[in-house]
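Participant: Handing you this structure, nothing more for now.
The values are calculated or read from the model by the stated rules, or taken from the named source; none is laboratory data. A quick note: this is a predicted structure, and the numbers were derived from the prediction, not measured. All Cβ positions, even for glycine, are placed from backbone atoms using ideal geometry, and neighbour counts span all protein chains on display. Just so you know, the surface numbers come from the protein's heavy atoms only, side chains and all, with ligands and any DNA or RNA stripped out. Shrake-Rupley method; radii C 1.70, N 1.55, O 1.52, S 1.80 Å.
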Amino acid sequence: MKNRNITSAAIILSGLAEVFLGSMGSSAAEAISTGAELSSDRLDEIVVTAEKREQKLSDVGMSITAVTGDALKTLGVVSIDDFAKVDPSFTYSQSESGTPTFTIRGVGYNNFALASPPAVSAYVDEVPFAYSSLAKGADMDLERVEILKGPQGTLFGQNSTAGAINFIAAKPTSEFSAGLEGSSARFGATNVNGFISGPVSGSLRLRFAYDAQSGGDWQKSYTRNDTLGDRRLQRARFLADWTPTENLAVRVNLNGWRDRSDTQGAQYAGIPADYATLNGNLPIKAYLESYPLAPGNPRAADWDPDNSLKVDEDFYQASVRVDYDMLPSLRITSLSAYSSFAGGTDFGYDGVNPTNFGVRTDGYVHSVSEELRLSGKITDTRLRWLLGVDYVSDKVKDIQYLDFSHDGINNAFGGFGGPLVSGVTNITHNDVLTRAAFFNVGYELSSDLTASAGARYTASRTTLTGCTYDPGDGTWADGINALQAFFKGLQGAAAVPFVAVLPGGCATLDDTVTPGLVHSVLDEHNTSWRAGLDWKATSDILIYANASKGSKAGGFPTATNLKSTGFSPAVQESLFATEIGFKTSWFQHSLNVTGAYFHYSYKNKQVQGQIPDPLFGAAPAIVNVPHSKIDGAELSFEWRPADGLTLNAAGVYLDSKVTADFYNIDRSSDLIDYKGLAFPLTPKWGYLAGTNYQWSLAANLNAYVGANYTYQGSTHQGFGNLPYEYIKSYGLLDLRAGVKSLGRSWYAELYGTNVTNTYYWNTAGQDGDTFFRLAGKPALFGIRGGYRFN
């Protein structure tokens, strides 16, 4: 069946190519084939490094969205969270502990832990970020960004089952250049960024970039006079390019960020129907039952009046890249990096005042990585090859402070004679060691046919030490002690000796109902691979077919675990992908059309779930869904029909489904079969469309107007189609108008995002006793401008 699907897709795509060719007429075809002079309406060609060498985007046989840094600013992309404006297959959400979740083509990973291996890997100039939370500074001062879709394990390491985002930093210039930009928007949001770049000597060039965001308290309490949402984020990057000889190039990258922003307040959306049986705290129960639901508008939210929802995080990274041409056709490359993250963040997703359920995350990440590779070309440059090894060492401490002093969990031990409890502290230490070896080759079988293949072998070891601790006041310790006494009393004199938990002590129970630290080791290995065939039907038509397999490492959860079984790891997942697609250019390169069909076969997909527990019925855990699949198609075009006018559109269709029986307990404590269910955070449809028109006002002055619209279909936060995890479909419209000098030495612009003030949310779930939503931002209007010195 799978082969018939691929064959059918190949016929369809080949037919589409023939239709496009046939519809052009002889004069246009002749212009392409003879290389006639291009008009001023030609679209710019983007060069990418998806295969760790420079190639034109139209010559790379894989699905890639590439956007320049200037285009990102035009679209109003201020962080990775906004990438749905760039690619409709990208979605963003947050876990209940604030961990960002990026999904491409329905492949992602939603987990609470800081040390959650992401399915979408992020890089700056091929240097990796170990975890998604570390990538806040990646999108500043960019030359371009490349979104590589599908498994990328061959060249970009494990965990790239969904794809990879490679940020290409703007490089030091051989002549002096500097720029300064600023913006001011609704709610007092401001941004100032700039760079200075130039040579120090004939062999040394430097570049420094800085970005500061502040203000913007867009959320408003609907029960009192209070606001939330200030940004206080500072980012910087220093680059040094040194070329002491024509055979040697050294690049040093020092970058970091400091974040003291507000976290987002949630919208209160109700309480569970069985609340009365879950909650022993009658005063807060009555309070929540009478609490008004959040109004259906973007700004409305509620949080604690002390306004303690803050980020307190710091990150810095140092990397060195060395390229040495040993021979004209042989290069050795070394990529060394050290990353350090530390800090904590307070969240309040219960959506009410006062605290019903509060979360503070804390911890650190220390990551060391080294990639060493050889690359070259032989047989009259028709064979290009690359061979390398990787080493990564991550040390992570993840701390979660949970405050449920006013939540139903505070009576968790009431049935065993225990006290009301105030909260817990979950702490895990993860040491992750990963080693890999990889190769990639591309061979020109003929002038219009190229075959490529690659593979990577990865071995990883994750060592865990973890426990759920009493928060220090002794209430959780007393509850665990009451639980011990109850179950060990049932066993009589032969019971395992009682071990008292002290205030602040480790309180996770083993199989004998005895508290103690949990130690575990997860050893895994896998082989990722990719094979492809590219056919240049003409100089402007590429048809490609790929098959690939990628893997994402397993890992341990950080969660409240009464039993040690809650620390059971999820094993690695794997994704086998087939894809066939085309990239075409028409009408003297004024129209680009690309499309692809893909089929993903998933094994052991990692998701949040619950596992059976003999004492408590069920315990939260990461579980593996054995078999699932995604079928999808993408189509996009960019067209410049007249001088100054550009139109673009892109769409994606995703059909995701669990394909075999898999029973698990959902968030409502119901046992369900996942078979037939669509993936979380995977809308069936997504599309975007945009236009930009530019015209001359004076000899050296142009004016422009533009609009962009993005749409994402409905989906759910988790498996089970629970009503309170529903995320409705939405569409967002952005507008802009401005003036700029020729060459863009300066510009000034008025802009608006979500100008229709659409009410939408990208995260929904349950936090303690309450259902919540995280709404998207309301209409924002502002002005921005900049000046470049050359």
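Participant: Please calculate the 1.4 Å probe accessible area of residue 218, with all protein chains present, and give it to the nearest 10 Å².
Facilitator: The accessible area of residue 218 comes to roughly 20 Å².
Participant: If you find the alpha carbon centre of segment 146-180 and of segment 713-770, how far apart are they in angstrom?
Facilitator: First find each Cα centre; the distance between them is then 24 Å.
Participant: Take each of the peptides 744-753, 75-84, average the number of other beta-carbon atoms within 10 Å over its residues, and list them starting from the highest.
Facilitator: Highest to lowest by the protection proxy: 75-84, 744-753.
Participant: Quote the FRET efficiency, to the nearest 0.05, computed for residue 246 versus residue 435 with a Förster distance R0 of 45 Å and r equal to the Cβ-Cβ distance.
Facilitator: After rounding to 0.05, the efficiency reads 0.85.
Participant: Just the Kirkwood number for segment 282-382, please: inverse of mean 1/r across all distinct Cα pairs, in Å, one decimal.
Facilitator: By the Kirkwood definition, the hydrodynamic radius is 19.0 Å.
Participant: Give me the accessible area of residue 242, 1.4 Å probe, in Å² rounded to the nearest 10.
Facilitator: My reading of the accessible area for residue 242 is about 120 Å².
Participant: Here's a follow-up. For segment 46-53, in order, what is each residue's ³J(HN,Hα) by Karplus, 6.51 cos²θ - 1.76 cosθ + 1.60 with θ = phi - 60°, in whole Hz (x at glycine and Pro)?
Facilitator: Rounded to whole hertz, the list is 9, 9, 10, 10, 4, 10, 6, 7.
Participant: Just to be sure I understand: if I project the alpha-carbon convex hull of segment 400-530 onto a plane and average over all orientations, what area do I get in nm²?
Facilitator: 12.9
Participant: With contacts defined as alpha carbon pairs under 8 Å and 6 or more residues apart, what's the relative contact order of the chain in percent?
Facilitator: Once normalised by length, the contact order is 12 percent.
Participant: Same structure, new question: Across all directions of projection, what mean area in square nanometres is found for the Cα convex hull of the chain?
Facilitator: 34.4
Participant: Given R₀ = 22 Å, what would the calculated FRET efficiency be for residue 203 paired with residue 322, taking r from the Cβ atoms and rounding to 0.05?
Facilitator: Between residue 203 and residue 322 the formula returns 0.95.
Participant: Rounding to the nearest 10 and keeping the result within 0 to 90°, find how far the Cα-based axis of helix 2-34 lies from the longest principal axis of the chain.
Facilitator: 30
Participant: Now for a different question. For the charge dipole of the chain, defined by +1 on Lys and Arg C-beta atoms and -1 on Asp and Glu C-beta atoms about the Cα centroid, which residue among 387, 428, 682 has the Cα displaced farthest towards the positive pole?
Facilitator: Projecting each Cα onto the dipole axis, the largest value belongs to 387.
Participant: Using a cut-off of 15 Å between beta-carbons, work out the net charge of the residues near residue 785 (Lys and Arg +1, Asp and Glu -1, residue 785 not included).
Facilitator: +3
Participant: What spacing in nm lies between the two simple spin-label points modelled at residue 675 and residue 385, each 7 Å away from Cα in the Cβ direction?
Facilitator: Placing both labels 7 Å beyond Cα along the Cβ direction yields 4.8 nm.
Participant: Using only the alpha-carbon atoms, what does segment 113-170 span along each of its principal axes? Please give whole angstrom values in decreasing order.
Facilitator: Taking max minus min along each principal axis of the Cα atoms, segment 113-170 gives 28, 24, 14 Å.
Participant: Given points 7 Å out from each Cα along the Cα-Cβ axis, report the residue 685 to residue 457 separation in nanometres with one decimal.
Facilitator: According to this spin-label approximation, the distance is 4.8 nm.
Participant: Stretch residue 444-residue 514 to full length: gain in nm at 0.36 nm per residue minus the Cα-Cα span?
Facilitator: Fully extending the segment from residue 444 to residue 514 adds 18.8 nm.
Participant: Fully extended, how many nm does the chain gain between residue 523 and residue 631 (0.36 nm per residue separation, minus their Cα-Cα distance)?
Facilitator: Stretched fully, the residue 523-residue 631 segment lengthens by 35.7 nm.
Participant: Among 352-358, 471-477, 443-449, how do they line up by average Cβ neighbours within 10 Å per residue, starting with the highest?
Facilitator: Highest mean packing first, the order is 352-358, 471-477, 443-449.
Participant: Just the C-alpha atoms of segment 131-245: what Rg/Rh do they give, with Rh taken as the Kirkwood radius?
Facilitator: Ratio of gyration radius to Kirkwood radius for segment 131-245: 1.11.
Participant: Describe numerically, in nm with one decimal, the distance between label points set 7 Å from Cα along Cα→Cβ at residue 735 and at residue 232.
Facilitator: Those two pseudo-labels are separated by 3.5 nm.
Participant: Taking all protein chains together and a probe of 1.4 Å, list 313, 54 from the most accessible to the least accessible.
Facilitator: Output order, biggest surface exposure first: 54, 313.
Participant: Given the options 142, 153, 79, identify the residue whose Cα lies farthest towards the positive end of the charge dipole of segment 76-206 (+1 on Cβ of Lys, Arg; -1 on Cβ of Asp, Glu).
Facilitator: Of the options given, the answer is 153.
Participant: Efficiency by 1/(1 + (r/R0)^6): what FRET value for residue 329 and residue 287, r their Cβ-Cβ distance, R0 = 56 Å, to the nearest 0.05?
Facilitator: The pair residue 329/residue 287 has a calculated efficiency of 0.15.
Participant: With a cut-off of 8 Å between alpha carbons and a minimum separation of six or more residues, what is the relative contact order of segment 575-654 in percent?
Facilitator: For segment 575-654, the relative contact order is 28 percent.
Participant: Largest first and in whole Å, what are the equivalent-ellipsoid semi-axes of segment 669-790 based on the Cα gyration tensor, each being the root of 5 times an eigenvalue?
Facilitator: 43, 15, 11
Participant: Compute, for the chain, the length of the dipole vector about the Cα centre, with Cβ point charges of +1 (Lys, Arg) and -1 (Asp, Glu) only. Units Debye, rounded to 20.
Facilitator: 960
Participant: Determine which residues of segment 761-790 fall in the zone a paramagnetic label at residue 186 would reach in this model, i.e. backbone nitrogen under 13 Å from the point 7 Å along Cα→Cβ.
Facilitator: In segment 761-790, the label zone of residue 186 (backbone N under 13 Å from the point 7 Å along Cα→Cβ) covers 776-783.
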